1. Among the residues of the range 1-48, write down those that are of a type in the set (D, E, K, R) and out of contact with any strand residue (DSSP E or B) (no Cβ under 7 Å at 6 or more places or on another chain).
2. Within the range 42-92, which residues are over 21 Å from Val142 (Cα atoms) and of a type in the set (Phe, Trp, Tyr)?
3. Could you check Gly175 against (1) over 17 Å from the mean Cα position of the chain (by Cα); (2) part of a loop (DSSP other than H, G, I, E, B); (3) farther than 30 Å from Gly71 by Cβ; (4) free of Cβ contacts under 8 Å to residues at least 60 places away in the same chain and say which number it fails?
4. Would you be able to tell me the number of residues in the range 30-65 that are over 18 Å from Thr80 (Cβ atoms), touching a Lys or Arg at 6+ places or on another chain (Cβ under 9 Å) and acidic (Asp, Glu)?
5. Looking at the range 154-183, which of the residues that are closer than 11 Å to Phe115 by Cα and out of contact with any strand residue (DSSP E or B) (no Cβ under 7 Å at 6 or more places or on another chain) is surrounded by the most Cβ atoms within 10 Å (Cβ to Cβ)?
6. Suppose the filter is surrounded by 20 or more Cβ atoms within 10 Å (Cβ to Cβ), over 16 Å from the mean Cα position of the chain (by Cα), hydrophobic (A, V, I, L, M, F, W, C) and farther than 21 Å from Lys178 by Cβ; does Val31 pass it?
Amino acid sequence: MKLLVVFYSMYGHIYEMAQSVAAGAKSLTGVEVELRRVPETLPPEVLAKMGAVEAQNRQRDVKICTVEELGQADAIIFGTPTRFGLMCGQMKQFLDATGSLWVNGSLVGKPGSVFTSSNTQHGGQESTIINFHTLLLHQGMVIVGLPYTFPGQMEMGMISGCSPYGASTIAGADGSRKPNENELAGAFFQGAHVAKIAMKLAA
């Protein structure tokens, strides 16, 4: 079974979460996991002014996703930072090109899931994932979230992302905060959970 983790990460937070999602999916026997990033739409000089070049360079070994790869996957987990409560423009532009998959019903019945990040605790994490679900539903995908069987959902001893909609992390106003152990554990759980659902649907 092939599972794709498709993400965009400007400053590296989503990339770190994506690695944990992939590790969770890989923890199941018989699951082939591929990490893919969506194409960058900003020119290098703009990324440099935004202080994102170093984080972008760390992701260079991850191949850029193609629309065709989405159709070949048995399950897809998408990762996007929050942009005013919505997915980022880079992810939206990539997914706007998936009309051929919609016409052919290539994603119908396949599990789809989303994880995200935001600068603040209430910066649109839940709305970003829920809005992303609209696109997955139009493609006929089976939405999979992060259930309360992940014990970290009830964490009260630390500031933490994650919700029943999907794993998430908080980057901080200046981007200096990295995903904590609970957020990474949520990402790992989500990866394994989606893989289990995909295997059940394929049986």
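The values are calculated or read from the model by the stated rules, or taken from the named source; none is laboratory data. Predicted model, so just to flag it, every value in this text is computed and none were measured. Don't worry about glycine lacking a Cβ; one is built from the backbone with ideal geometry, like all the others, and counts go over all protein chains shown.
1. Once the filter is applied, which keeps residues that are of a type in the set (D, E, K, R) and out of contact with any strand residue (DSSP E or B) (no Cβ under 7 Å at 6 or more places or on another chain), the range 1-48 yields Glu16, Glu40, Glu45.
2. Within the range 42-92, just Phe84 meets the criteria.
3. For Gly175, the exception is condition (4).
4. Of the residues in the range 30-65, 1 are over 18 Å from Thr80 (Cβ atoms), touching a Lys or Arg at 6+ places or on another chain (Cβ under 9 Å) and acidic (Asp, Glu).
5. Taking the range 154-183 and keeping what is closer than 11 Å to Phe115 by Cα, we get 161-169, 183.
Of the ones still in play, those that are also out of contact with any strand residue (DSSP E or B) (no Cβ under 7 Å at 6 or more places or on another chain) are 163-165.
Values: Ser163: 16, Pro164: 12, Tyr165: 21.
Ranking the candidates gives Tyr165 first.
6. On the way: surrounded by 20 or more Cβ atoms within 10 Å (Cβ to Cβ): yes; over 16 Å from the mean Cα position of the chain (by Cα): yes; hydrophobic (A, V, I, L, M, F, W, C): yes; farther than 21 Å from Lys178 by Cβ: yes.
So Val31 fits the description; yes.
Matching residues to (1) modelled with pLDDT under 95; (2) buried (at least 19 other Cβ atoms within 10 Å of the Cβ); (3) touching a strand residue (DSSP E or B) at 6+ places or on another chain (Cβ under 7 Å); (4) under 15 Å from Phe7 (Cα atoms):
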{"residue": "Gly99", "(1), (2), (3), (4)": "no, no, no, no"}
{"residue": "Ser118", "(1), (2), (3), (4)": "no, yes, yes, yes"}
{"residue": "Gly123", "(1), (2), (3), (4)": "yes, yes, yes, no"}
{"residue": "Gly140", "(1), (2), (3), (4)": "no, no, no, no"}
{"residue": "Val144", "(1), (2), (3), (4)": "no, yes, yes, no"}
{"residue": "Phe150", "(1), (2), (3), (4)": "no, yes, no, no"}
